[in-house]
Amino acid sequence: MNMKVEPGQKLPYARALDCAVKTVKAEGPMALYKGFIPTISRQGPFTVVLFVTLEQVRKLLKDF
């Protein structure tokens, strides 16, 4: 998160929990999940391929 603050002004958030509380109040609880679907869409296939590959390598090394 980038926060650009003018010199001499107070920071908008005191800590991470304060940021979460203000975000939920302003935008609702679903605001905490913005970007969840694209992340799962990107990481899901990668995880499946990684798991299958590691299992195949494990089987090959087991026979060694």
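Bear in mind these aren't lab numbers, they're just calculated from the coordinates by the rules spelled out. Bear in mind the structure is a predicted one, so any value in this text is a computation, not a measurement. As a convention, Cβ positions derive from the backbone with ideal geometry for all residues, glycine included, and neighbour counts pool all protein chains shown.
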> Counting trypsin sites (Lys or Arg not before Pro) as exposed when in a DSSP loop with at most 12 other beta carbons within 10 Å, what is the longest stretch of the chain free of them?
Replying inline: 35-64
> So which lysines pass the test for LYS25, namely a Cα distance under 19 Å, with those fewer than 8 places away in the same chain ruled out?
Replying inline: LYS34
> Could you work out the helix-only [θ] at 222 nm for the chain, with each DSSP H run of four or more residues adding -39,500 (n - 2.57) and the total divided by the number of residues, to the nearest 500 deg cm²/dmol?
Replying inline: -21000 deg cm²/dmol
> Along the charge dipole of the stretch 16-62, which of GLY44, ALA20, TYR33 sits closest to the positive end, that is, farthest toward it, with unit charges on the beta carbon of Lys, Arg, Asp and Glu (+1, +1, -1, -1)?
Replying inline: GLY44
> How long, wide and thick is the stretch 16-62, going by the Cα atoms along their three principal axes, in whole angstroms, largest first?
Replying inline: 54, 19, 10
> In whole Å, what is the distance between the alpha-carbon centres of the stretch 48-64 and the stretch 1-47?
Replying inline: 37 Å
> With charges only on Cβ, +1 for K and R and -1 for D and E, what is the dipole size of the chain about its Cα centre, in debye, rounded to 20?
Replying inline: 80 debye
>> Just to be sure I understand the model, the point goes 7 Å from the Cα along the line to the Cβ. What's the resulting VAL24 to SER41 distance in nm?
In response: 2.8 nm
> Residues with beta-carbon under 13 Å from that of ALA31, excluding ALA31: net charge, scoring Lys, Arg +1 and Asp, Glu -1?
Replying inline: +2
